[in-house]
Amino acid sequence: MEPAPGPQEKYQLITRNLQEVLGEDKLMAILKERELKIYWGTATTGKPHVAYFVPMSKIADFLKAGCEVTILFADLHAYLDNMKAPWELLELRTRYYEHVIKAMLESIGVPLEKLKFVRGTDYQLSKEYTLDVYRLSSVVTQHDAKKAGAEVVKQVEHPLLSGLLYPGLQALDEEYLKVDAQFGGVDQRKIFTFAEKYLPSLGYAKRIHLMNPMVPGLTGSKMSSSEEDSKIDLLDRKEDVKKKLKKAFCEPGNVENNGVLSFIKHVLFPLKSEFVVLREEKWGGNKTYTAYEALEKDFAEQVVHPGDLKNSVEVALNKLLDPIREKFNCPELKKLSSAAYPTPSKAKPGEKGTKNSEPEDVVPSRLDIRVGKVLSVEKHPDADSLYVEKIDMRGVESQGMVLCASSVGEPRQVEPLDPPAGCCAGERVYVEGYESGEPDEELKPKKKVFEKLQADFRVSEDCVAQWKQRNFLTKLGTVSCKSLKGGSIS
């Protein structure tokens with residue numbers, strides 16, 4: 001039997017791979033006296049995907065360190081965040097989350113009996129909690145509430161009051177769950193500092209906050225439930241996993257914003273303490289790494305090929321997903337999954353047997369606009385004024401069209417549209433208010449979807465690209481040009 005870890009060893013387990021800890025001294029002081037009480041909350045919105053293994057592996061660390069861990073299914077928060085989970089689906093999605101999160105924990109060997117599971121609505125509708133919400137609202141400014149939720153609550157042109165309540169409820173959860181610490185992604189930092197500022201004003205203690213880095217998705221940006229290409233669903237078939245990993249951004253020698261490497265660092269290494277790169281004998285055969293830094297160094301020096309890395313992650317990931325797929329293969333959970341996330345009905349206009357068919361909506365979400373890096377520009381062989389651009393998309397070279405701003409009048413000036421600094425090739429560009437729609441697989445020339453939308457593309461007086469006065473956005477901010485105010489976009 002292994003001896004129980006000491007305070008310093010517990011501290012190392014609790015904080016490894018974290019980006020930031022607020023309250024380190026308090027954390028160490030508690031560990032010298034007793035076990036740490038900590039909670040992790042997840043709003044029951046979109047389907048959990050493989051990035052959820054990142055907090056799951058940290059929960060495994062917390063348990064190894066002897067922590068008392070509570071998992072909160074934040075159902076009420078899911079509704080408050082711009083109704084990401086409609087009220088009629090809230091109960092179904094919460095049940096889905098309970099089953100899938102427990103299946104994930106079991107797949108990485110976490111004993112469920114050591115965890116406490118709580119729903120937000122179990123206590124957030126009580127008289128005492130509701131009174132504290134009112135007490136908090138009497139001291140929190142609108143500015144602070146909006147600022148706190150900026151990285152987490154969905155930002156829209158006309159925000160709802162519910163989004164301003166969200167940070168306050170998350171702060172109160174720390175008191176009502178009776179914990180010492182809250183764990184979350186670094187995108188929660190503003191909510192955490194909000195809680196540290198305002199909980200003492202109600203007479204409650206300031207808590208410790210532990211923050212994971214934001215792990216890049218497969219496109220190099222944040223892995224998102226609403227962006228299909230950036231994520232691998234927990235119930236994806238093996239052939240879908242292969243297909244998505246094949247398309248993943250994994251540029252040779254590039255260790256920045258590399259979602260494949262990040263998954264190895266934050267999930268596979270902490271779970272197994274090693275990672276095996278699978279290779280054919282003619283390329284050196286399999287190689288086992290016992291330190292992530294050695295793997296990253298070899299990838300940076302191009303000793304490890306992106307194809308071998310992706311294949312090896314595919315094998316390791318499927319081992320984690322197999323027990324989850326098996327659990328959800330029963331009729332009861334299949335039915336729950338379909339009911340919690342119903343497929344939107346898409347009746348085709350003019351289809352035989354349908355009456356009063358309505359015309360298709362021509363909305364910006366039907367366009368698949370992506371951030372790309374222009375590698376070269378060449379004159380089109382069959383036209384005097386057309387050019388073909390070679391573009392880097394997710395580390396894959398392709399040909400395509402670049403959206404540009406054009407000045408009004410002569411002489412005509414043209415500038416490419418620029419994404420915010422820090423964006424990665426392959427990241428999706430969307431129009432404000434149309435973030436969640438799926439793009440058409442193919443734009444039919446006869447329907448002129450692009451042409452109809454492009455007629456309302458304009459550059460604002462602030463040089464921001466817009467459609468009907470709604471901004472073009474990525475997850476990092478607005479898309480703009482350098483100087484062509486009031487110009488057209490084509």
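The values are calculated or read from the model by the stated rules, or taken from the named source; none is laboratory data. Please read these numbers as outputs of a predicted model, since none were measured by experiment. As a convention, Cβ positions derive from the backbone with ideal geometry for all residues, glycine included, and neighbour counts pool all protein chains shown. For the accessible areas, the whole protein counts, side chains as well, though only heavy atoms, and no ligand, DNA or RNA atoms are used. Shrake-Rupley method; radii C 1.70, N 1.55, O 1.52, S 1.80 Å.
Things to note:
- Mean accessible surface per residue for the range 56-163, computed with a 1.4 Å probe while every protein chain stays in place, in Å²: 48 Å²
- Carbon plus sulfur fraction of accessible area for the chain, probe 1.4 Å, in percent: 51 percent
- Modelled spin labels at K127 and L18, positioned 7 Å past Cα toward Cβ, are 3.8 nm from each other.
- Considering only the chain, percent of DSSP beta bridges that pair antiparallel, nearest 5: 65 percent
- Theoretical gain in end-to-end length, L476 to Y204 [0.36 nm per residue, Cα-Cα removed]: 94.5 nm
- For the chain: relative contact order, % (alpha-carbon pairs under 8 angstrom, 6 or more apart): 12 percent
- For Y289, net neighbour charge (Lys/Arg +1, Asp/Glu -1) across residues whose Cβ lies under 13 Å away: 0
- Exceedance of the 26 Å cut-off in Cα-Cα distance is limited, within the set K26/K58; K190/K297; K32/K178; K64/K335; K447/K485, to K190/K297; K64/K335; K447/K485.
- Residue-wise HN-Hα couplings along the range 19-36, as the Karplus relation 6.51 cos²θ - 1.76 cosθ + 1.60 with θ = phi - 60° gives them from phi, are 8, 7, 10, 9, x, 4, 4, 5, 4, 5, 4, 5, 5, 6, 9, 7, 7, 6 Hz; Gly and Pro carry x.
- Neighbours of Q19 by Cβ distance under 13 Å: Lys/Arg scored +1, Asp/Glu scored -1, total +2.
- For the range 227-344, Kirkwood radius (reciprocal of mean inverse C-alpha pair distance, Å): 15.6 Å
- Cα gyration tensor category, rounded, prolate or oblate, for the range 433-490 with a/c compared to 1.5: oblate
- Note on K334: lysines with a C-alpha under 27 Å away, same-chain residues under 8 apart excluded, are K47, K84, K102, K116, K231, K238, K242, K243, K244, K319, K346, K348.
- Protection proxy ranking of 161-170, 253-262, by the mean of other Cβ atoms within 10 Å over each peptide's residues and highest first, is 161-170, 253-262.
- Using 0.36 nm per residue and subtracting the Cα-Cα separation, the extra length available between S137 and K243 on full extension is 33.4 nm.
- Cα gyration tensor shape for the range 249-303, rounded if a/c is under 1.5, else prolate or oblate: oblate
- For the range 24-164, a/c is not less than 1.5, where a ≥ b ≥ c are the root eigenvalues of the C-alpha gyration tensor, and a/b does not top b/c. That puts it in the oblate class.
- With N the number of residues in the chain, Rg(Cα) / (2.2 N^0.38 Å) evaluates to 1.06.
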